[in-house]
Amino acid sequence: MLALTELGQRLRQERESKGLSLEDLQKLTKIQKRYLLGIEEGNYEVMPGKFYVRAFIKQYCEAIGLDTDAIFEEYKSDIPSTQTEDMPQQLSRVRSRKEIPQHTKGVSKAYDYLPTVLVVAGVVVVGIIIWVIAQNIVSDKNKEQANQEAPNSEVQQSNTQEETNETTAKNDNSTSEDDQSAADKKEKEKAAKEKAEKEKAAKEKAEKEKAAKEKAEKEKAEKEKKDSGKQEYKEVQKTGRSATYALSGTDAFNLEVTSTQADTWLDVKNGKGNAFFSSILKKGETKEFDLTKETEARVNIGYSPGVELKVNGKAVNLPFDSSKQVRQVVTIQYQPAEAQ
């Protein structure tokens, strides 16, 4: 085994003080165990490259709560520096002139004639427009002459027919607008009614949920008050960093664990070894466990300073002084009141 570097010793001591194994750290960082061991032993040859050494050390520090910048500055002699590696040939996106396909040369020549083609097309379009305008002018003159030659009676009859058509069109438009206005009004009234009904239903639902919640909280408070007078939580034995307690005189076994100072490793299992929680408990985070159906619970706390335990809503002390015993294991044996 290689001798530990000063950085490796510092990291291993910090990891062990939090009750973390290399397997635990591997789960947290997603870094293979052999790389984590290489960091602690200063065996950087096992890494894929110098860049990964610095990246893995950074993730290691973050997982155990160390200041990455401070660690890199303090142990910069133990950490290899990185240099920009040559870009792999296959990743280069720069293409030489020889690699440019030859068929694009023909396209380039076609672009040389494009301005000439555009000028010719423009001249043709202008000519067509001028021809169309000229035809419209001639047609308008012919219509004027025809109107001047027509009898005055026909002109008057035409004007009368146009006035009649305009009056009919106005009446039709007025009726259509009235119908549309009535339909819009009816649609708005329907939408307003539906909105009011939805708001009423939502309000009634909220009131029911609030009443149910208040009732549940009241029943819970009464039950906790009733149980608190009978509940007994006493120490059975204490050895090393482990202690056992007996919980009795209550029909409930609810456990709350809160970390107030720093992140900590928390592992909660029943007497059969089945895990309810096995991960990092963040600072300020609280986890609640209903263990009423269990006869025993084992609570493994990796970093006990600032950790608070509550049993059935009542705070209980940790078995050891956290300044002397950082990692603590608390086993709670539960016997329901009905079974006593």
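Residue count for the stretch 314-340 satisfying the condition of being in a strand (DSSP E or B) and free of Cβ contacts under 8 Å to residues at least 40 places away in the same chain: 1. When Gly127, Gly38, Gly106 are checked against the criterion of being part of a helix (DSSP H, G or I), over 30 Å from Ser17 (Cβ atoms), open to solvent by less than 80 Å² (accessible area, probe 1.4 Å) and modelled with pLDDT of 70 or more, Gly127 stands alone in meeting it. Just wondering, is there one or more residues in the stretch 209-227 that are closer than 22 Å to Ile332 by Cα and open to solvent by less than 60 Å² (accessible area, probe 1.4 Å)? Yes, some residue in the stretch 209-227 is closer than 22 Å to Ile332 by Cα and open to solvent by less than 60 Å² (accessible area, probe 1.4 Å). Regarding the stretch 254-266, can at least one residue be identified that is aromatic (Phe, Trp, Tyr) and either open to solvent by 50 Å² or more (accessible area, probe 1.4 Å) or not in a strand (DSSP E or B) (or both)? No, because not a single residue in the stretch 254-266 is aromatic (Phe, Trp, Tyr) and either open to solvent by 50 Å² or more (accessible area, probe 1.4 Å) or not in a strand (DSSP E or B) (or both). Flag: Glu162 does not match the condition of being at pLDDT 80 or above and surrounded by 10 or more Cβ atoms within 10 Å (Cβ to Cβ). Of all the criteria given as (1) surrounded by 14 or more Cβ atoms within 10 Å (Cβ to Cβ); (2) within 21 Å of Ser21 (Cα to Cα); (3) under 31 Å from the mean Cα position of the chain (by Cα), the one not satisfied by Ser278 is (1). Scanning the stretch 49-81 for residues that are part of a loop (DSSP other than H, G, I, E, B) and either open to solvent by 50 Å² or more (accessible area, probe 1.4 Å) or touching a His at 6+ places or on another chain (Cβ under 8 Å) (or both) gives Gly65, Asp67, Lys76, Ser77, Ser81.
The values are calculated or read from the model by the stated rules, or taken from the named source; none is laboratory data. All values derive from a computational prediction rather than experimental measurement. Glycine gets a Cβ as well: all are built from the backbone with ideal geometry, and neighbour counts include every protein chain shown. We work out accessible area using only protein heavy atoms, side chains counted, and drop any ligands, DNA or RNA first. Shrake-Rupley method; radii C 1.70, N 1.55, O 1.52, S 1.80 Å.
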